[in-house]
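So the structure is just underneath, and the comments pick up after that.
What follows is calculated from the coordinates using simple rules that are stated; it is not laboratory data. None of the values given here were measured: they were computed from a predicted structure. In this analysis, Cβ positions are derived from the backbone assuming ideal geometry, glycine residues included, and neighbour counts consider all displayed protein chains.
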Amino acid sequence: MRIDKFLKVSRIIKRRTLANEACSKERVTINGRIAKPGTEVNVGDIVEIRFGDKLTRLKVLKVTEHVKKEESIEMYELI
């Protein structure tokens, strides 16, 4: 799954356009490498997202196309 879609489906970022923009501005990394919007994300990957001064690190636990809101927190684990 593309990183921009994963961020939207998991509800880490509310809209896919915002996720795409964050990736384009090099604010998202996967396993230490800068991620473009189309970069594939897999189970076990470590994703870092910079929101201003805040850095959010998470581990991908599940990659699913369609998820209910209640199940979205099962897709990742904050580290």
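Cβ separations smaller than 7 Å between residues 6+ apart or across chains give the following pairs from the stretch 19-37 residues that are assigned to a loop (DSSP other than H, G, I, E, B) to residues that are surrounded by 15 or more Cβ atoms within 10 Å (Cβ to Cβ) and acidic (Asp, Glu): ASN31/ASP45; PRO37/ASP4. One residue alone among ARG2, ARG15, ARG50 is of a type in the set (Lys, Arg) and without any contact (Cβ under 8 Å) to a residue 12 or more places away in the chain, and that residue is ARG15.
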